[in-house]
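The values are calculated or read from the model by the stated rules, or taken from the named source; none is laboratory data. Remember, predicted model here, so these are calculated numbers, not experimental data. Please note: Cβ atoms are built from the backbone with ideal geometry, for glycine as well, and neighbour counts cover all protein chains shown. Heavy atoms of the whole protein, side chains included, go into the accessibility calculation; ligands, DNA and RNA do not. Shrake-Rupley method; radii C 1.70, N 1.55, O 1.52, S 1.80 Å.
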Amino acid sequence: MASLLGSGSKIARDLRINETIRVREVRVIDDEGQQLGVIPTAEALAIAQERGLDLVEVAPTAVPPVCRILDYGQYKYELQKRDREAKKKQKSQTFKEVRLAVKIDVHDLKTKARRAAEFLDHGDRVKVTVRFRGREISHANLGRDLLMRTAEVLAEHGTIERQPLLEGRSMYIVMGPLEKRAEKKNESGETIADAIVAKGELPASVPQVPEVSAETPVEQG
């Protein structure tokens, strides 16, 4: 909690003694954002009292500590408002998963990419996962290539937050939505997600897993 002196608010008057500013000098910024320089704490308190405001210590570890002259009630309200907005944004951002197979066909890949794009446009984080079956794990590089190609297709919708990571028989990336990106539509009414197929950005064919022997080494990436 910020240290505070002054008489401009009930909060200031109710503070306990150990929460007051005890240093002799402080660097002061007034209520208009002007630097008043380093002045005695008593003088800074007097200025705050003359303006009916409070003296709030905003950087206690600085030498000397930095104080601002302001309405502490309003200051506290703004801090709480920002905290609520941050929590609301964090709560509203859900986590979705899109699963791919190494031998996925082009139609399914287009459908999965479109779904991932819609999730990202909605503000969700997306985990794109490739599951390996049997000896497919011996060619983990194909899963990595598929994930990175999918990320390229989704570049207008999100960014990679976690690079390809192999866990057990699955490899995945995590993508986050682009900030302040609104869902856009073209003249025909298509969303950008719908336009993925029309752009032909997906590969014409999906790489196939070559036949391997039991002795083929496993690449962990």
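Summary of values
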{"item": "Residues located in segment 1-45, provided they are more than 16 Å from Gly73 (Cβ to Cβ), in a helix (DSSP H, G or I) and modelled with pLDDT under 50", "result": "Ile17, Asn18"}
{"item": "Out of Ala86, Ala62, sole residue that is over 30 Å from Leu36 (Cβ atoms) and of a type in the set (Gly, Ala, Ser)", "result": "Ala86"}
{"item": "Scan of segment 100-134 for residues that are acidic (Asp, Glu) and open to solvent by 10 Å² or more (accessible area, probe 1.4 Å), ordered by number", "result": "Asp105, Asp108, Glu118, Asp121"}
{"item": "Residue, modelled with the lowest pLDDT, within segment 47-67, restricted to residues that are exposed (fewer than 13 other Cβ atoms within 10 Å of the Cβ) and of a type in the set (Gly, Ala, Ser)", "result": "Ala62"}
{"item": "Criterion violated by Ser170 - all others in (1) surrounded by 14 or more Cβ atoms within 10 Å (Cβ to Cβ); (2) modelled with pLDDT under 90; (3) of a type in the set (S, T, N, Q) satisfied", "result": "(2)"}
